Amino acid sequence: MERNRVLDDKQVIENQAIELQSLNEFKNHFFVNISHEIRTPLTLILGYARRLKDQSEGENARRYAHIIAEQSLNIKGLVDDIVDLSKLEAQKFVLNEVSVDISHLLRKIYTHYQGLFAQQAIELVLDIPESPVIISCDAELMHRAITNLVANALKFTPPEGITCLRMKIADNLTVEVYNTGVGISSHDLSRIFERFYQAENTIANSQGSGIGLAIAKEIVQAHGYRIRAESVPHQYASFTITIPNHQVIPEEIPQPASLTSSQSPAAHSTVPGLQPKLTKRILLVEDNLAMRKYILGIDALKSYEVLEADHGKVALQLLEKHPIDLIITDYMMPHMDGLELVEQLKQKEYTQPVVVITAQTNQQKKLSMLRMSIDGYLTKPFLEEELLLTIEKALRYDDARRQFLAKELGFSESPLTTDELTAFNERLQAIIDENIDNENFAIADLCDQLHLTERTLYRKVKELCGGTPAKLITERRLIRARTYYDQGTYKSTRQLAMAVGFKNSTRFAEKFRTHFGIEL
């Protein structure tokens, strides 16, 4: 009887655990869905507030519009915290690593926060090298982590204080956010990265969600970097991200033009230097009528010819009837969503650049899109300048790709067949596949077989694939590893790593988990 009671209790506990897990998943799903619903109207509020500020003549009207935009950004921060919290609890931080100029990223954060610090009479100092410093990271998540540290410094630096955002290269690459002020007590310092924990202080008591630093730590550690906090109470606090030098890419990779905060949120909606051609035709696919009207109302976009569709099926019909230079599509739509549309575009051999706009922050969905070689991925709420710069860059790269195919490979510039578009990639992939199990196969070997210099190889791969040769090699290795994994060809992680040319099985397992969400 006692044994039966124990077994019954065990079954009750297991059932309760299943119910709690189900409830937790429902909660996370609810957070993501409600955040998606908030982002679209938030985009419209921010966009029209900026236009109102630019066009208003009265000082009060401009001030009120600025307050609306500022508070909307605060709401966006809360929404981001909710989504990030759900990701933390579900352990769904998935990295999309690309080559990023960390110097440029820090300048972007600095210019965005400069005005906010000035409003509170706080000096914000930027101390970074002038030359590019390239690392491999998820640009969006790393931006989020450093932004959280800077926002934290803004809350806890008193008027007339100093906050410094600096980067140093010595034994390792370090990014530090330092601020004078109340500092952090030794008791609080040991718990500062815990979720929902807020240190006792006299400046910003109870402000914020209490998860910003926890999110920053999760992001940093997911990259294999380190983060630490130091402080002397009533003097200063410092947060330092350490990036091992072996994860810094030595080659200077040219970065595309990108948005600075001097263009936002109060800048005029026309981006200086953008000269869109009247001959370019854009297809806008968006089911929300208010969002379509907002995008169509962007001044610089009026120089393009824009066709409209409210879902993917209508977009495909328009593509059959009209020549299109670029496609802008929402992700979530009825009848045929953005992902299905992009899949159809690839199947039907359409080659136009595609820019995806979404309220979703799900990294797996983003990766699904990026693996299909889209040209831009913007998350609502976005800046008008951000959209315009993405369009301009995508069109410019498309023109460069066509010119390259015509000049370097002898392909006709228009029309381009699928064979012409994929020929160079196929040559690259064939060589990589032949050497897939060679752990010593490197960029130099690829250059030798293609009879190209490293710089020329990088330029060609960048123009055709949007990535680097090293990323292409890693991608091919991981794809082959997934095939072996599905087939059960190898029994151990080490054997699987060696079969696809990875020297370090631990590093391989991390890459495999990040890429496919599968623990080996």
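The values are calculated or read from the model by the stated rules, or taken from the named source; none is laboratory data. Just so we're clear, the structure is a prediction, and the values are computed from it rather than from any experiment. Here the Cβ positions follow ideal geometry from the backbone for every residue, glycine too, while neighbour counts run over all protein chains shown.
Is it true that residue 391 is in contact with a helix residue (DSSP H, G or I) (Cβ under 6 Å, 6 or more places away or on another chain) and either assigned by TED's automatic domain parsing to the domain that holds residue 144 or closer than 28 Å to residue 79 by Cβ (or both)? Spell out the reasoning first.
On the way: in contact with a helix residue (DSSP H, G or I) (Cβ under 6 Å, 6 or more places away or on another chain): no; either assigned by TED's automatic domain parsing to the domain that holds residue 144 or closer than 28 Å to residue 79 by Cβ (or both): yes.
So residue 391 fails the test.
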Note on residue 315: of the conditions (1) small (Gly, Ala, Ser); (2) assigned to a helix (DSSP H, G or I); (3) surrounded by fewer than 21 Cβ atoms within 10 Å (Cβ to Cβ), unmet is (3)
Residue 131 passes all but one of the listed conditions (1) at pLDDT 85 or above; (2) more than 23 Å from residue 215 (Cα to Cα); the exception is number (1)
Do any residues in region 151-172 that are among the aromatic types (Phe, Trp, Tyr) have Cβ atoms under 7 Å from those of residues that are in a loop (DSSP other than H, G, I, E, B) and at pLDDT below 90, where the two are at least six apart or on different chains, and which pairs are they?
-> 156/181; 156/182; 156/201; 156/203; 156/204
Within region 215-227, is there a residue that is modelled with pLDDT of 90 or more and more than 18 Å from the chain's Cα centre (by Cα)?
-> yes
Return the pairs, sorted by first residue and then second, in which the second residue is in a loop (DSSP other than H, G, I, E, B) and hydroxyl-bearing (Ser, Thr, Tyr), the first residue lies in region 280-292 and is buried (at least 19 other Cβ atoms within 10 Å of the Cβ), the beta carbons are less than 9 Å apart, and the residues are 6+ apart or on different chains.
-> 282/304
Given (1) closer than 24 Å to residue 244 by Cα; (2) at pLDDT below 90; (3) among the charged types (D, E, K, R); (4) outside any helix (DSSP H, G or I), index of the condition residue 200 fails | (1)
Out of all the residues in region 229-245, is one or more modelled with pLDDT under 85 and in contact with a helix residue (DSSP H, G or I) (Cβ under 8 Å, 6 or more places away or on another chain)?
-> no
Conditions (1) among the small types (Gly, Ala, Ser); (2) modelled with pLDDT of 80 or more; (3) surrounded by 14 or more Cβ atoms within 10 Å (Cβ to Cβ) -> residue 118 fails only (3)
Here is a list of conditions, (1) surrounded by 19 or more Cβ atoms within 10 Å (Cβ to Cβ); (2) closer than 29 Å to residue 97 by Cα; (3) modelled with pLDDT of 90 or more, and residue 148 meets all of them except one; can you say which number that is?
-> (3)
Out of 448, 419, which single residue is over 28 Å from residue 517 (Cβ atoms), modelled with pLDDT of 75 or more and more than 30 Å from the chain's Cα centre (by Cα)?
-> 448
Pair list, Cβ < 6 Å and 6+ apart or interchain, from region 430-450 residues that are farther than 20 Å from residue 482 by Cα to residues that are among the basic types (Lys, Arg) and part of a loop (DSSP other than H, G, I, E, B) | none
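Looking at 123, 140, which one is closer than 27 Å to residue 478 by Cα and surrounded by fewer than 19 Cβ atoms within 10 Å (Cβ to Cβ)?
Numbers: 123 fails: closer than 27 Å to residue 478 by Cα.
So the residue among 123, 140 that is closer than 27 Å to residue 478 by Cα and surrounded by fewer than 19 Cβ atoms within 10 Å (Cβ to Cβ) is 140.
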With criteria (1) more than 19 Å from residue 231 (Cβ to Cβ); (2) surrounded by 19 or more Cβ atoms within 10 Å (Cβ to Cβ); (3) at pLDDT 90 or above, residue 83 comes up short on (3)
Inside region 116-169, can you point out the residues that are of a type in the set (Gly, Ala, Ser) and more than 27 Å from residue 67 (Cβ to Cβ)?
-> 131, 136, 139, 145
